[in-house]
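Some notes on the structure that comes next.
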Amino acid sequence: MNQINKVLSDLDLSETEIITYLDLLKLGKTTSTVLAKRSRLNRSTARYTLDQLVKRRLAVVEQKNHVFYFTAEHPQKIIYLIDEKREELDEKERRAQNIIRNLEKIMNPHTVLPKVQFFEGKEGLTRLYDAILELEKPIDSFEDKGEMEKFIPEYVKKFIATRKDKQITNRVICPGSNTLNKKQASELRETRFIQEKQFPFTGDIKICGDLVSIFSFSDQSPVGIGIKHQEIADNFRILFELSWKHLSRQ
């Protein structure tokens, strides 16, 4: 019974409404006077509570010879209470959506925190790569000597094909031993190389739009981190430009 009371209470029924509804289920068709005696409520409270249950579609009322008889609806009708709460939440969401733009206008832009997400395993890393492609913006990459191709070989082909289909260009800085990222106009890729021994890169960093994605392909714990924040992305892009321009003079 405690579980029943808890569920009904979570659906915003008061303690008096719960007691009245449960007694009404047991009694069947009855009057407010009879129910008041059973529930130890005064008659006016019992009548008011029964009327509330009728409004909430948990009871029905009919009149015979100037007497009102109340009957509990089938317990399945409790679902109506959930529908009511769902409608209330939908309305609150609509009202909240209407004021979001106004709130954004008064929000201090310097207080916006980065959105950080963590991705694990092959499935997680491919989801992060998909998120990059969904931005449909140019990509700047610091890449390793080929760990991505070894870790998810089939997905690499899909990633490149999708990037080409979306006409997304890719600038890459990577070790010369990375055969996947040779400069290739047909794949919309421009590449500049670093010395593997001097810069033993073992991960992948991609800067795209307002997203910085960092990948590690460790056999023990492959992980990806997505940082969505315009200022952070812009600063990573500046570091990329610094490296890119330096390499152009080699």
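Picking from residues in the range 207-226 that are in a strand (DSSP E or B) and without any contact (Cβ under 8 Å) to a residue 40 or more places away in the chain, the one that is farthest from residue 141 (Cα to Cα) is 216.
Restricted to the range 37-66, and to residues that are more than 44 Å from the chain's Cα centre (by Cα) and in a helix (DSSP H, G or I), which residue is surrounded by the fewest Cβ atoms within 10 Å (Cβ to Cβ)? Among those residues, the one meeting the criterion is 44. Determine if the range 227-242 includes at least one residue that is in a strand (DSSP E or B) and in the same structural domain as residue 121 (by TED's automatic domain parsing). Checking the range 227-242: at least one residue is in a strand (DSSP E or B) and in the same structural domain as residue 121 (by TED's automatic domain parsing). Considering only residues that are assigned to a loop (DSSP other than H, G, I, E, B) and charged (D, E, K, R), which ones fall in the range 133-153? If the condition is that a residue be assigned to a loop (DSSP other than H, G, I, E, B) and charged (D, E, K, R), then 136, 137, 143, 144, 145 are the ones that fit. Looking only at residues of the range 99-134 that are over 20 Å from the mean Cα position of the chain (by Cα) and of a type in the set (S, T, N, Q), we find that the one that is farthest from residue 151 (Cα to Cα) is 102. Screening 12, 23 for residues that are charged (D, E, K, R) and assigned to a helix (DSSP H, G or I) leaves exactly one candidate, 23.
Could you grab me the full set of residues in the range 73-90 that are touching a Lys or Arg at 6+ places or on another chain (Cβ under 7 Å), of a type outside the set (Asp, Glu) and free of Cβ contacts under 8 Å to residues at least 40 places away in the same chain? Matches in the range 73-90: 77, 80. Checked across the range 95-118, the condition of being at positive phi and surrounded by 13 or more Cβ atoms within 10 Å (Cβ to Cβ) holds for no residue. When the range 182-206 is filtered for residues that are surrounded by 13 or more Cβ atoms within 10 Å (Cβ to Cβ), in contact (Cβ under 8 Å) with a residue 40 or more places away in the chain and not in a strand (DSSP E or B), the ones remaining, listed by number, are 196, 201. Considering only residues in the range 154-170 that are in a helix (DSSP H, G or I) and charged (D, E, K, R), the one that is surrounded by the most Cβ atoms within 10 Å (Cβ to Cβ) turns out to be 163.
The values are calculated or read from the model by the stated rules, or taken from the named source; none is laboratory data. Because the structure is predicted, anything quoted here is derived from the model rather than measured. Backbone-built Cβ (ideal geometry, glycine too); neighbour counts: all protein chains shown.
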